[in-house]
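Report on one structure; see the data block that follows.
The values are calculated or read from the model by the stated rules, or taken from the named source; none is laboratory data. On a predicted model such as this, the values are computed, not experimentally measured, just so you know. Every residue, glycine among them, receives a Cβ derived from its backbone with ideal geometry; neighbour counts consider all protein chains shown. For accessibility, only protein heavy atoms count, side chains too; no ligands or nucleic acids. Shrake-Rupley method; radii C 1.70, N 1.55, O 1.52, S 1.80 Å.
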Amino acid sequence: MPVSLGMPAPPPPVLAPRRKSRKIKVGTVDVGGDAPVSVQSMTTTPTTDINATLQQIAELTATGCDIVRVACPSQDDADALPAIAQKSQIPVIADIHFQPKYVYAAIDAGCAAVRVNPGNIRKFDDQVGSIAKAAKDAGVSIRIGVNAGSLDRRIMEKHGKATPEALVESAVWEASLFEEHDFHDFKISVKHNDPVVMVRAYQLLAERGDWPLHLGVTEAGPAFQGTIKSATAFGALLSQGIGDTIRVSLSAPPAEEVKVGNQILESLNLRPRKLEIVSCPSCGRAQVDVYTLADQVTAGLEGMTVPLRVAVMGCVVNGPGEAREADLGVASGNGKGQIFVKGEVIKTVPEDQIVETLIAEAERLAEQMGEPAGEAAGPAAAGAPTVSVG
């Protein structure tokens with residue numbers, strides 16, 4: 001049965017207009033201005049292992065990562081940067097600490113950008129002029145990365161600890177040094193492990209200038225805790241229009257960081273929503289095993305990238321309404337399920353056929369929306385299903 005997909009929808013609403021920041025380029029990716037908020041991550045492989053690093057970058061790219069950062073703590077790492085920067089599918093940022101000579105090595109290697117931490121690079125302020133010239137000549141941008149754990153000694157002595165004001169003072173000072181040398185192609189981060197401190201620091205920083213801002217809760221923790229802290233902090237800032245690029249820092253594989261980052265942006269309508277699965281919470285009204293149904297549908301549609309809302313509902317109270325509002329849904333009860341497509345019941349099937357029917361209908365809708373049939377069975381990507389428990 002043909003299904004009308006309707007006219008293209010208007011842009012989805014957002015909670016606040018984006019803060020007006022200046023636009024810079026990180027390789028092929030625009031950051032700031034009217035550019036979409038980008039998602040970053042960082043490789044965990046030894047940079048010296050070029051093949052492993054490129055393989056991880058490929059995995060991150062497939063998951064929806066826009067920009068990747070690689071560590072450069074030694075000369076051997078610096079020597080590996082040219083091959084990595086040349087062969088990476090997405091822009092590479094070199095992560096530099098302690099030794100200023102690696103900043104120049106990263107620029108010479110063809111990296112799209114260099115992250116510098118003024119608080120722990122030896123005599124950094126004296127190097128700003130030459131770093132700015134080298135970066136400008138090569139068309140390379142800079143991230144000034146201020147971290148609570150490595151704040152400049154002078155700032156710590158003044159403030160006593162890494163307060164929001166201390167983080168911002170450090171960032172604004174370093175920004176002014178680059179600007180004195182007429183270098184403006186930089187973004188700033190002021191990371192802290194406490195979301196409350198971090199949010200306040202970015203709010204203060206956003207008031208001080210139009211620099212593009214990279215958001216991060218540093219050392220956020222294991223996957224569950226880090227996801228909550230990052231989502232809380234990013235949600236607070238992005239809902240105010242603050243933030244041009246994000247990195248979710250998790251003690252987990254970097255692909256998980258990218259999945260969380262993409263989902264945060266999708267939830268705020270800052271990135272087009274892809275597959276979304278709405279399902280019941282634990283509830284005494286449920287007449288079917290909703291947990292299992294939702295898990296099986298999620299697994300069956302993994303990798304589908306079209307904007308499709310699928311409702312898996314297990315009772316007669318909210319089930320029909322939610323299923324009717326979704327693109328595709330099931331309202332289950334008494335051992336069977338009513339299958340809805342675009343608000344209309346198209347069939348009723350036994351409980352043991354609900355999953356296969358939903359997957360088949362989802363693939364049919366996806367094909368009508370331009371995704372080849374069978375794509376959902378592929379590897380997880382940026383559009384991997386997300387489950388909203390209602």
Scan the helices (runs of 4 or more DSSP H) fully inside segment 1-113 and keep the ones with 3 or more residues being open to solvent by 70 Å² or more (accessible area, probe 1.4 Å) and charged (D, E, K, R).
75-87
Can you find a residue in segment 252-266 that is farther than 23 Å from V312 by Cβ, outside any helix (DSSP H, G or I) and in contact with a Leu (Cβ under 9 Å, 6 or more places away or on another chain)?
no
Residues of segment 151-170 satisfying the condition of being open to solvent by less than 40 Å² (accessible area, probe 1.4 Å) and either acidic (D, E) or within 13 Å of I96 (Cα to Cα) (or both)
D152
For G374, are the conditions met, namely being modelled with pLDDT under 85 and surrounded by fewer than 17 Cβ atoms within 10 Å (Cβ to Cβ)?
yes
Would segment 274-291 turn up any residue that is among the charged types (D, E, K, R), open to solvent by 40 Å² or more (accessible area, probe 1.4 Å) and touching a residue at least 40 places away in the same chain (Cβ under 8 Å)?
yes
Assess whether A132 counts as being without any contact (Cβ under 8 Å) to a residue 40 or more places away in the chain, in the same structural domain as S176 (by the TED database) and not charged (D, E, K, R).
no
Checking S130 against (1) crowded, with 17+ Cβ neighbours inside 10 Å; (2) under 27 Å from L167 (Cα atoms), only one condition comes out false. Which one?
(1)
Elements of type helices (runs of 4 or more DSSP H) contained in segment 126-218, each with 3 or more residues being of a type in the set (D, E, K, R) and farther than 25 Å from L238 by Cα
153-159
Filter segment 114-127 down to residues that are among the basic types (K, R) and over 28 Å from the mean Cα position of the chain (by Cα) and give me whichever is surrounded by the most Cβ atoms within 10 Å (Cβ to Cβ).
R122
When segment 197-245 is checked residue by residue, the ones that are closer than 20 Å to E266 by Cβ, out of contact with any helix residue (DSSP H, G or I) (no Cβ under 7 Å at 6 or more places or on another chain), surrounded by fewer than 18 Cβ atoms within 10 Å (Cβ to Cβ) and of a type in the set (S, T, N, Q) are S239, Q240
Filtering segment 272-303 down to residues that are within 17 Å of L365 (Cα to Cα) and under 18 Å from the mean Cα position of the chain (by Cα), which residue is modelled with the highest pLDDT?
E276
